[in-house]
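Here the structure is laid out as structure tokens; the discussion comes afterwards.
Where a number appears in this text, it was derived from the coordinates with a stated rule and is not lab data. Predicted model only: the values in this text are computed from it and were never measured. Neighbour counts are summed over all protein chains in view; Cβ atoms, including those assigned to glycine, are modelled from backbone coordinates with ideal geometry.
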Amino acid sequence: MLTVGEKLRLRKAHPCGSTDWEVLKPGVDVRLRCLGCGRILLLPREKVLKQIKKRLDAAESRGKQG
Ligand SMILES: [Zn+2]
């Protein structure tokens, strides 16, 4: 479901304003890093899965940048 390095856009924004997160460690609790400010957060997987608005495909964004 979740893989290391995967980038997610969540419905809930971090206080810094960013809604994009990188998965650092999937598991029962998922470790996420905020791509806006770099803070690391631990959230229950069920909660993360419910919060996902969009999965940001890393390979796709790399392709667009050339
Ligand atoms: Zn943040």
At what distance in nm do the modelled label points of L41 and C16 sit from each other, each positioned 7 Å from its Cα along Cα→Cβ?
1.1 nm
Of the trypsin sites (Lys or Arg not before Pro) in segment 3-62, those whose Cβ has at most 12 other Cβ within 10 Å and which sit in DSSP loop
R11, K12
If you take the beta carbon distance between D29 and R55 as r and set R0 to 22 Å, what does 1/(1 + (r/R0)^6) give as a FRET efficiency, to the nearest 0.05?
0.70
What does the charge count around T19 come to, taking other residues whose C-beta lies under 10 Å from its C-beta (Lys +1, Arg +1, Asp -1, Glu -1)?
+4
Cys in the chain lacking any partner Cβ under 4.7 Å -> C34
For the chain, what's the relative contact order in percent, using C-alpha pairs closer than 8 Å and at least 6 residues apart?
32 percent
Hull volume per residue for segment 7-56, using the convex hull of the C-alpha atoms, in Å³ is 61 Å³
